[in-house]
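In what follows, a single structure is set out as structure tokens and then discussed.
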Amino acid sequence: MSKILVTGGTGFIGSHTVVELQNEGFEVVIVDNLSNSNIDVLNGIEKITGIRPAFENIDCVDYVSMDRMFEKHKDIQAIIHFAANKAVGESVEKPLLYYRNNLVSLINLLQLMPIHKVKNFVFSSSCTVYGQPDILPVTEDAPIKLAMSPYGNTKQIGEEIIHDTIHSNPFYRSIILRYFNPIGAHASAEIGELPNGVPNNLLPFVTQTAIGLRKQLSVFGDDYNTPDGSCIRDYIHVVDLAKAHVLAVKRLLNEDANTNVETFNLGTGRGLSVLEIIETFEKVSGVKVNYKIVGRREGDIEKVWADPTYANEVLGWTANETVEETLRSAWVWEQNLAKRSKSE
Ligand code: UFG
């Protein structure tokens, strides 16, 4: 049984990936400093899989503690590196926090890998690296555009650091995954998205408005060059996204299959507007969402959706869940959270 280190393993995508890894028989060690997640996530993972993963409360920026962690958990075969700050707006206000946390943690891991004989590295990147693509759907070879935020820049620089490191030392093997917009929750509703404070992202804001935690959802702009004027994204079920990580790890562990670094889009291939998401959510939940059209949000891309053909052909991966099912899972999760907070 291969042992996988998952940094940020109690976070949104991380926790769903830990479940899929454990379901496939991998042994998981989570490193997370709980800066944007809750230790209770481990209970959810255990309820779903019957296994409580090893957990270390460590900040990946702390090189010495990470070194000790590798000493303690010997024979790690691969790393999936989720741990990072991800709020676009906050990154504009606190750029150094983002450069430090997102890049120092990456550098620490890459430095520690050869010392502890860990070859394989999966990196969480983002469709944000494409900016507004000239051609849609966007393929992996589309040009990287100037980053719109320090957060986006950390993903671009992160990818470059990985390429340069591998170029200098062919010991490493890496898969870079560019996520489109992950939403939804595990079908068990034991784990899901749990943003701290006021959500930045669309879906948690939609579900929190529907349940009555927020008065009104602001739709940022209806004057874009899209059919209904609102922005278009490629919303992907987090469990589909999680499964791609398992395939990426398997590909890295299969020595023959990989060139040293490969990059994959992880999206459905289908773009939906903000207003279409709201309408579909209302249909599957039976709840009206109180929303208002407001001005554009600074830095938003007008439209982007993935061409996932490469992940399909090489990783054997496709996004299977419908957007209806995905939105339903997010709603069940939000309702479950409300039940839990009532009983506390
Ligand atoms: N939106 C609203 N109202 C809201 C929140 C969002 O109308 O309250 C709109 C946005 O304007 C955008 C769409 O919903 O058109 C999606 O916005 P999100 O904030 O959910 O996600 P982004 O597409 O902005 O993605 C960004 C980065 C990603 C990053 C992601 C999660 O580009 O790299 O946030 O942090 F992964």
Practice prompt. Specify the angular offset, from 0 to 90 degrees and rounded to the nearest 10, of the alpha carbon long axis of helix 323-343 from the longest principal axis of the alpha carbons in the chain.
Written response: 90
Worksheet entry | Scattering profile of the range 178-221 at q = 0.20, 0.34 Å⁻¹ [log10 I(q)/I(0), Debye over alpha-carbon scatterers] | -0.73, -1.27
Worksheet, complete the sentence: Interchain or sequence-distant (5+) residues whose placed amide H lies within less than 5 Å of the amide H of I80 are L5, V6, T7, V122
Discussion item. Give me the extension gain from N38 to R297: residue separation times 0.36 nm, minus the current Cα-Cα distance, reported in nm with one decimal.
Written reply: 90.3 nm
Item to complete: Enumerate by residue number the trypsin sites (Lys or Arg not before Pro) in the range 242-344 meeting two conditions: DSSP loop (anything except H, G, I, E, B), and at most 14 other Cβ atoms within 10 Å of the site's Cβ.
Response: K288, R296, R297
Worksheet item: Sorting Y235, Y99 on the 10 Å Cβ count, fewest up front, what's the list?
Response: Y99, Y235
Worksheet item: Angle between the Cα long axis of helix 238-253 and the longest principal axis of the chain, 0 to 90 degrees, nearest 10?
Response: 20
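So how strong a dipole does the chain carry about its Cα centre when Lys and Arg Cβ are +1 and Asp and Glu Cβ are -1, to the nearest 20 debye? Before the final figure, lay out each step's value.
Working: 32 positive and 43 negative charges, 144 e Å.
So the magnitude is around 700 debye.
Which of the chymotrypsin sites (Phe, Trp or Tyr not before Pro) found in the range 267-344 are loop residues per DSSP with 10 or fewer other Cβ atoms within 10 Å of their Cβ? The partial results should precede the final answer.
Working: sites: F281, Y291, W305, Y310, W317, W331, W333; in loops: W305, W317.
Within the range 267-344, no chymotrypsin sites (Phe, Trp or Tyr not before Pro) qualify (loop, at most 10 other Cβ atoms within 10 Å).
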Item to complete: Would you mind computing, in nm to one decimal, how far apart the modelled labels at N196 and T309 are, each placed 7 Å from Cα along Cα→Cβ?
Response: 4.2
Item to complete: Largest first and in whole Å, give the semi-axes of the chain's equivalent ellipsoid, each being the square root of 5 times a Cα gyration tensor eigenvalue.
Response: 31, 24, 19
Practice prompt. Rounded, prolate or oblate: pick one for the range 1-114, where a ≥ b ≥ c are the square roots of the eigenvalues of its C-alpha gyration tensor, a/c under 1.5 means rounded, and failing that, prolate if a/b is larger than b/c, else oblate.
Written response: oblate
Worksheet entry | Pair I161, Q111: separation of 7 Å Cα→Cβ label points (nm) | 1.0
Worksheet item: Using unit Cβ charges (K, R positive; D, E negative) and no other charged atoms, how large, in debye to the nearest 20, is the dipole of the range 215-254 about its Cα centre?
Response: 440
Worksheet item: Amide H to amide H under 5 Å from V138: which residues, 5+ apart in sequence or cross-chain, H placed 1.01 Å off N in plane?
Response: W305, A306, D307
Worksheet item: So how tilted is helix 12-23 from the main axis of the chain? Cα-based, degrees 0 to 90, rounded to 10.
Response: 60
Worksheet item: Can you work out ³J(HN,Hα) from phi for every residue in the range 136-153, in order, using Karplus 6.51 cos²θ - 1.76 cosθ + 1.60 and θ = phi - 60°, giving whole Hz and x for Gly and Pro?
Response: 10, x, 8, 9, 5, 8, 5, x, 7, 9, 3, 5, 8, 7, x, 4, x, 5
Worksheet item: Residue by residue through the range 279-286, which ³J(HN,Hα) values in whole Hz follow from phi under the Karplus form 6.51 cos²θ - 1.76 cosθ + 1.60 (θ = phi - 60°), with glycine and proline marked x?
Response: 4, 5, 4, 4, 5, 6, 9, x
Worksheet, complete the sentence: Going from the fewest other Cβ atoms within 10 Å to the most, one would list I301, I293 as I293, I301
Practice prompt. For Y291, list long-range residues whose amide hydrogen, built 1.01 Å from N in the peptide plane, is under 5 Å from its own amide hydrogen.
Written response: L217
Worksheet item: the range 235-331: which GluC sites (Glu not before Pro) are DSSP loop and have at most 16 other beta-carbon atoms within 10 angstrom?
Response: E255, E298, E302
Discussion item. What does the extension gain come out to for M1 and E46, with contour length at 0.36 nm per residue minus their alpha carbon separation?
Written reply: 14.4 nm
Practice prompt. Bin all alpha-carbon pair distances of the range 77-196 at 10 Å intervals from 0 and give each bin's fraction as a whole percent.
Written response: 12, 39, 34, 14, 0
Fill in: the range 177-200 residues near the modelled K250 label - backbone nitrogen below 18 Å, point 7 Å along Cα→Cβ
177
Response to the item:
Computed over the range 219-332, the distribution of all Cα-Cα distances in 10 Å bins, rounded to whole %, is 13, 35, 30, 16, 6, 0
Response to the item:
So R340 and T322, fully extended at 0.36 nm per residue minus their Cα-Cα distance, gain in nm 3.8 nm
Practice prompt. Return the inverse of the average 1/r over all pairs of distinct C-alpha atoms in the range 126-237, which is the Kirkwood hydrodynamic radius, in Å to one decimal.
Written response: 17.0
Discussion item. Treating only the Cβ of Lys, Arg, Asp and Glu as charged (+1, +1, -1, -1), what charge dipole size does the range 1-106 show about its Cα centre? Round to the nearest 20 debye.
Written reply: 40
Discussion item. Here is the link list: K288/K342; K3/K342; K86/K215; K94/K155; K47/K288. Which ones come out longer than 27 Å on Cα distance?
Written reply: K3/K342; K47/K288
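Quick check: net charge around V28, other residues with Cβ under 12 Å of its Cβ, Lys/Arg +1 and Asp/Glu -1? Mind showing how you got there, number by number?
Details: positive: K3, R52; negative: E20, E24, E27, D32, E46, E56.
Net charge around V28: -4.
Bear in mind that the values in this text are calculations on the coordinates, not laboratory data. Just so we're clear, the structure is a prediction, and the values are computed from it rather than from any experiment. A quick note on method: Cβ atoms are made from the backbone with ideal geometry, for glycine too, and the neighbour counts reach across all protein chains shown.
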